[in-house]
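I have placed the structure first, in the form of structure tokens, so that the comments after it can refer back to it.
The values are calculated or read from the model by the stated rules, or taken from the named source; none is laboratory data. Note that the structure is a prediction, hence the values are computed from the model and not measured. Note: ideal-geometry Cβ built from the backbone for every residue, glycine included; neighbour counts use all protein chains shown.
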């Protein structure tokens, strides 16, 4: 029996990486839009922030333990790229901790928004570099699962709130 769901067999892992990044970009935009919005309660903002931060952390931890290990074995010339991306993951994790602290406290909206802008810029640079350097190699992989390689399942088709199919 194949480890893939029927939907996963139709998609290459590099393309799935792009889908996950698109979903994370959209979630971050929603989170940023909620900062300072009088219609968004602080508790809802904190909940959304914690869910987003957890999703990014799961994705990066999954990549480090999954896709990056497989690619290091199968495409050794990617080692320098993989090391750079892992270093980025540590920078993103530090920024996520600062965002969580700000959203969990009584920080003014402009300070939260500034930190989210920093996170958005860091993630965008990271995602573009990762996609440029890894999509073809990921698309060539023939074994594994989206969650096992990329840390999270594919985002919902309806653009809903979580990365599940």
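Of all residues in region 100-121, which are in a helix (DSSP H, G or I) and farther than 18 Å from residue 30 by Cβ? Give the derivation first.
Initial filter on region 100-121 (in a helix (DSSP H, G or I)): 100-104, 109-121.
Across region 100-121, the qualifying residues are 101, 104, 110, 111.
Can you pull out the residues in region 108-126 that are farther than 16 Å from residue 85 by Cα, surrounded by fewer than 17 Cβ atoms within 10 Å (Cβ to Cβ) and free of Cβ contacts under 8 Å to residues at least 40 places away in the same chain?
108, 111, 114, 118
Within region 127-148, track down each residue that is crowded, with 20+ Cβ neighbours inside 10 Å and modelled with pLDDT of 95 or more.
Hits for region 127-148 are 130, 134, 138.
For residues that are under 16 Å from the mean Cα position of the chain (by Cα) and without any contact (Cβ under 8 Å) to a residue 40 or more places away in the chain, tally how many sit in region 89-107.
Residues in region 89-107 being under 16 Å from the mean Cα position of the chain (by Cα) and without any contact (Cβ under 8 Å) to a residue 40 or more places away in the chain: 8 in total.
Please pick out the residue among 84, 77 that is within 20 Å of the chain's Cα centre (by Cα), part of a helix (DSSP H, G or I), closer than 17 Å to residue 129 by Cβ and modelled with pLDDT of 95 or more. Walk me through how you get there before you give the answer.
Details: 77 fails: within 20 Å of the chain's Cα centre (by Cα).
Testing whether each residue is within 20 Å of the chain's Cα centre (by Cα), part of a helix (DSSP H, G or I), closer than 17 Å to residue 129 by Cβ and modelled with pLDDT of 95 or more leaves just 84.
Filter region 28-55 down to the residues that are closer than 19 Å to residue 124 by Cα and touching a helix residue (DSSP H, G or I) at 6+ places or on another chain (Cβ under 6 Å), then identify the one that is surrounded by the fewest Cβ atoms within 10 Å (Cβ to Cβ).
Among those residues, the one meeting the criterion is 32.
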